[in-house]
Amino acid sequence: MATPPLVLLPGMNCTEQLWQEVVPALPEVQVVHGELVEPDLDACVEDLLTRLPPRFALAGLSLGGIVAMALTRRAPERVERLALLDTNAKAPTDSQLQGWSSLLHRLEAGASAADVQRDLLPVLLHEGANRSVREVTVRMADALGAQRLAAQLRLQATRVDERPGLGRVTVPTLVLAGREDALCPPSSHREIARLVAGSRLVLLERTGHLSPLERGAQVAGELRSWLDRDHDHDRVETQG
C-alpha cells in the first residue's frame with residue numbers, strides 16, 4: 001500500500017521549522033505543511049480541508065494536535081492515520097483562557113511574537129535543550145509574527161472537549177510526548193491513548209513540549225513506524 005501524504009500541523013507560535021529534523025529523515029514521504037491561520041476552530045478546520053489532499057496521514061503538535069483531532073472528528077473519511085504530539089484533548093480551563101487573553105493584551109501593547117516565545121522557553125523546552133534549539137524556537141515566532149500569533153490565541157479560546165470523538169477514531173494512531181512536557185503532561189497523553197482503541201503511546205525521556213525540535217531523529221523514527229504499521233491494537237507505552 002502506498003504511503004499517503006503526510007500533513008504536519010505546527011504548534012502555536014511555530015512554523016514548519018518545528019519539523020526541520022524530522023522531514024529530512026522521511027525522504028520517501030510526501031510532506032504537506034498545514035498552517036493555522038483562522039481565529040476559530042471550525043473555520044481553521046474548514047480552511048485546511050479546502051487546501052489538503054483528498055486523503056492523508058495527519059500529525060499535529062500542541063495546538064496543531066488539537067486542530068488535528070477536530071479535523072478528524074469533522075471529516076474522518078479524509079484521515080488515513082493520526083499522530084497527536086504534545087497536545088491536550090480537553091476544553092480550555094479558565095486559567096488558560098485568562099493566560100491567552102493576557103498574551104493578546106501584550107501583543108496589542110506592542111510585544112512581538114518572539115518576545116512572547118522567549119518568555120515561554122522554560123515551559124516549551126526541556127532544561128537540557130541546547131542553544132541552537134532555543135534559537136530556532138524564537139526564530140519560528142519571529143517568522144510567524146504578532147498578527148498570526150494573535151489569531152492563534154483567539155483560536156485557542158474556541159477549542160472544545162475532543163475526548164468524546166476520540167473513541168470513534170478507527171485509524172492507526174500514535175500518541176507521542178516528551179515526558180517532561182510542562183504544558184501537556186504525560187497524563188494527558190495516557191488519557192488520549194486510552195480513548196483511542198489500538199493507539200500507540202510513546203513518551204520520550206529528557207524531552208519537553210517541542211519534541212520534534214528536541215528529539216527529531218526519535219520522532220521521525222516513530223512517525224515512520226506509524227506510517228508503516230497496520231491497525232493492530234498496539235496500545236503500548238514506549239519510553240525513548
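Only the coordinates and a few stated rules stand behind these numbers; no lab work does. As the structure is a prediction and not an experimental result, all values here were calculated from the model. Quick reminder, even Gly has a Cβ in these numbers, built from the backbone with ideal geometry, and neighbours come from all protein chains shown.
One table, with the values for the structure above:
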{"read-out": "Most fluctuating residue given options Thr50, Thr87, Thr170, as computed from a GNM of the chain linking Cα atoms under 10 Å", "value": "Thr50"}
{"read-out": "Cα centroid of the stretch 128-207 to Cα centroid of the stretch 1-70, whole Å", "value": "12"}
{"read-out": "For peptides 213-224, 121-132, 71-82, sequence by mean Cβ density within 10 Å, most packed first", "value": "213-224, 71-82, 121-132"}
{"read-out": "Helix 94-108 vs. the chain, principal-axis angle (Cα, 0 to 90°, nearest 10)", "value": "50"}
{"read-out": "Net dipole in debye of the stretch 70-157 [+1 Lys, Arg Cβ; -1 Asp, Glu Cβ; about Cα centre; nearest 20]", "value": "240"}
{"read-out": "C-alpha long axis of helix 131-144 to longest principal axis of the chain, angle in °", "value": "80"}
{"read-out": "Amide H contacts under 5 Å for Leu58, placed H, 5+ residues apart", "value": "Val7, Glu80, Arg81, Leu82, Ala83"}
{"read-out": "Simple spin-label estimate for His33 and Lys90 in nanometres, 7 Å along Cα-Cβ", "value": "3.3"}
{"read-out": "Cα long-axis angle, helix 63-74 against the chain (0 to 90 degrees, to the nearest 10)", "value": "50"}
{"read-out": "For the stretch 36-53, Karplus couplings with θ = phi - 60° (6.51, -1.76, 1.60), whole Hz, Gly/Pro x", "value": "9, 10, 8, x, 9, 4, 4, 5, 5, 4, 4, 4, 5, 4, 6, 9, 8, x"}
{"read-out": "Where labels lie 7 Å past Cα in the beta-carbon direction, separation of Asp42 and Asp142 in nm", "value": "3.9"}
